[in-house]
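The values are calculated or read from the model by the stated rules, or taken from the named source; none is laboratory data. It should be emphasised that the depicted structure is a prediction, and the values quoted were computed from it without experimental measurement. With ideal geometry, Cβ positions are generated from the backbone for all residues, glycine too; neighbour counts draw on all protein chains shown. Accessible surface is based on the protein model in full, side chains and every heavy atom, while ligands, DNA and RNA are left aside. Shrake-Rupley method; radii C 1.70, N 1.55, O 1.52, S 1.80 Å.
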Amino acid sequence: MQNRSNYESLVESEDTLVNRIETCSETIDAVLQMLFKKDGPIHLPTVREIAAAMHEVQVKLERELLLVRIEKRLAARYMDSKPIVD
């Protein structure tokens, strides 16, 4: 039963991370759209820093998602009684 609960927790973590990554992507797209739509002057170095910072967050979340997916697959193997070599 513990393994099932661990697997379900990993599924929830995966869903949350996917949602957070999508939010990052949408936010970056909004900043890029703002570059096109804004009529007045834009301080380009600041926009670049903001976009780069948001992208760093997205990359961190994607790495975390990869690790959760690995753990989820290992949990599924364990529940299916498939061997795992450490």
| Whole-Hz Karplus ³J(HN,Hα) for the range 23-34, in order, using 6.51 cos²θ - 1.76 cosθ + 1.60 and θ = phi - 60°, x for Gly and Pro? | 5, 4, 4, 5, 5, 4, 4, 5, 5, 5, 5, 4
| said: Straight-line reach only, C-alpha to C-alpha below 29 angstrom: list the lysines that Lys82 could link to, leaving out same-chain residues fewer than 8 apart. | reply: Lys72
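Taking a ≥ b ≥ c as the square roots of the Cα gyration tensor eigenvalues, with a/c under 1.5 meaning rounded and otherwise prolate when a/b beats b/c, else oblate, which class fits the range 2-86? Mind showing how you got there, number by number?
Working: a/c = 5.63, a/b = 3.45, b/c = 1.63.
Since a/c reaches 1.5 and a/b is larger than b/c, the shape of the range 2-86 is classed as prolate.
What accessible area per residue comes out for the range 1-58, rounded to a whole number of Å², with a 1.4 Å probe?
76
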| Per the 1.4 Å probe, what fraction of the accessible area of the chain, in percent, lies on carbon and sulfur atoms? | 55
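Round to the nearest 0.05 the FRET efficiency obtained for Ser9 and Ile42 when R0 = 41 Å and r is the Cβ-Cβ distance. Present the calculation step by step, with values, prior to reporting the outcome.
Numbers: r = 43 Å, r/R0 = 1.06.
With R0 = 41 Å, the Cβ-Cβ based efficiency is 0.40.
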| field | Spin-label model distance (nm) - Leu67 vs Thr23, 7 Å beyond Cα toward Cβ | value | 1.9
| query | Angle, helix 44-79 long axis vs. longest principal axis of the chain, Cα atoms, 0 to 90°, nearest 10? | reply | 10
